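Everything below concerns the one structure shown next.
The values are calculated or read from the model by the stated rules, or taken from the named source; none is laboratory data. Values in this document were obtained by computation on a predicted structure and should not be read as measured data. Using ideal geometry, Cβ is built from the backbone for each residue, glycine included, and neighbour counts are taken over all protein chains shown. Please note that ligands, DNA and RNA were not included when accessible areas were found on the heavy atoms of the full protein model with its side chains. Shrake-Rupley method; radii C 1.70, N 1.55, O 1.52, S 1.80 Å.
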Amino acid sequence: MDPITPAAASGTFSIGSDVPVRRLGYGTMRLVGEGTWGEPKDPAEARRVLLRAVELGVTLIDTADAYGPEVAERMIGETLHPYPRDLVIATKGGITRQGPSRTEYVGRAGYLMQCVEMSLRRLKLDCIPLYQLHRIDPRTTLEESLGALRRMQEQGKIRHIGLSEVSVQQIDECRQLIEVATVQNRYSLADRRSEETLLYCERERMGFLPWYPIAGGKLLKPDHPSAARLAEIAAQHSATVAQLSIAWLLQRSPVMLPIPGTSKVAHLEENVAAANLKLSAEEWEDVEAAAISR
């Protein structure tokens, strides 16, 4: 492992076959206020987190216009621009926020096109390397929503298009209209409901970005049924359960692109160090068995 850029130990994946990233990225949802609403409690620390992520070799930063709203994108642009040549910013649009933890899906063409334009402005980009439809809006046809993103792609404002929280059937429907480069679904050691979608992405060589990769810290709580056994396995490798969870994702599939988030530099460093955690196949079987025990 490169001691200066530990994220390099996670390996690489090419989004859309032509945008290479290190597989362990950083997600910015926790960078903003409580309930994904408002400014961070400690703006200076938030900026340090972004800078430190790049120093640690992270080349994939995932964000969304709904984080804040607008706060995370603005902080990325203000803190990291001009960007290192290998840094890939992935963002999302299609969710509006009415307050802390209050959202509504909006997939109208005019709205999504405005989202792209405003993200470009906040991120100080001419082209967004990966733009993801944050959620499919059930009130709007796929033809309208994806047609808008396809037009922005044709205009050179989006390089690749991704989806979020979708089933295999929905991906197939979307692929009739656009090329899908990535899928971002909730997935973790403790929550594998998107297993079928992950396997589909692996077959089709689509990047899979698991959000909530540590299951919101549930596995870290002492009263969780799996906590004691996972802590024991982690201790055998001088690691934490959170690091074990991230390392499990990296070994689970070559298309897996974990994006654990945090608002603290120390926690970020701990997460990125998980890229160098290696277990045997038998040990990973023990980890999986412990995680599903109830």
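Here is how the numbers come out for the structure above:
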{"item": "Residue list for the stretch 221-253, restricted to those being assigned to a helix (DSSP H, G or I) and among the β-branched types (Val, Ile, Thr)", "result": "233, 241, 246"}
{"item": "Criterion (within 24 Å of residue 255 (Cβ to Cβ) and either modelled with pLDDT of 95 or more or open to solvent by 10 Å² or more (accessible area, probe 1.4 Å) (or both)) met by exactly one of 149, 125, 112, 120", "result": "149"}
{"item": "Residue within the stretch 106-119 that is in contact with a Lys or Arg (Cβ under 9 Å, 6 or more places away or on another chain) and more than 22 Å from residue 179 (Cα to Cα) present", "result": "no"}
{"item": "Hits in the stretch 258-287 (condition: part of a helix (DSSP H, G or I), over 26 Å from residue 43 (Cβ atoms) and open to solvent by 60 Å² or more (accessible area, probe 1.4 Å))", "result": "276, 281, 282, 285, 286"}
{"item": "Considering residues of the stretch 243-257 that are open to solvent by 10 Å² or more (accessible area, probe 1.4 Å) and not polar (S, T, N, Q) only, the residue nearest to residue 49 (Cα to Cα)", "result": "250"}
{"item": "Residues located in the stretch 183-199, provided they are out of contact with any strand residue (DSSP E or B) (no Cβ under 8 Å at 6 or more places or on another chain) and either open to solvent by 10 Å² or more (accessible area, probe 1.4 Å) or of a type in the set (Gly, Ala, Ser) (or both)", "result": "190, 191, 192, 195, 196, 199"}
{"item": "Filter result (of a type outside the set (A, V, I, L, M, F, W, C) and open to solvent by 10 Å² or more (accessible area, probe 1.4 Å)) within the stretch 44-58", "result": "45, 47, 48, 52, 55"}
{"item": "Given (1) more than 21 Å from residue 80 (Cα to Cα); (2) touching a strand residue (DSSP E or B) at 6+ places or on another chain (Cβ under 8 Å); (3) open to solvent by 30 Å² or more (accessible area, probe 1.4 Å); (4) touching a residue at least 24 places away in the same chain (Cβ under 8 Å), index of the condition residue 10 fails", "result": "(3)"}
{"item": "Unmet requirement for residue 64, which otherwise passes all of (1) more than 16 Å from residue 116 (Cα to Cα); (2) part of a loop (DSSP other than H, G, I, E, B); (3) of a type in the set (A, V, I, L, M)", "result": "(1)"}
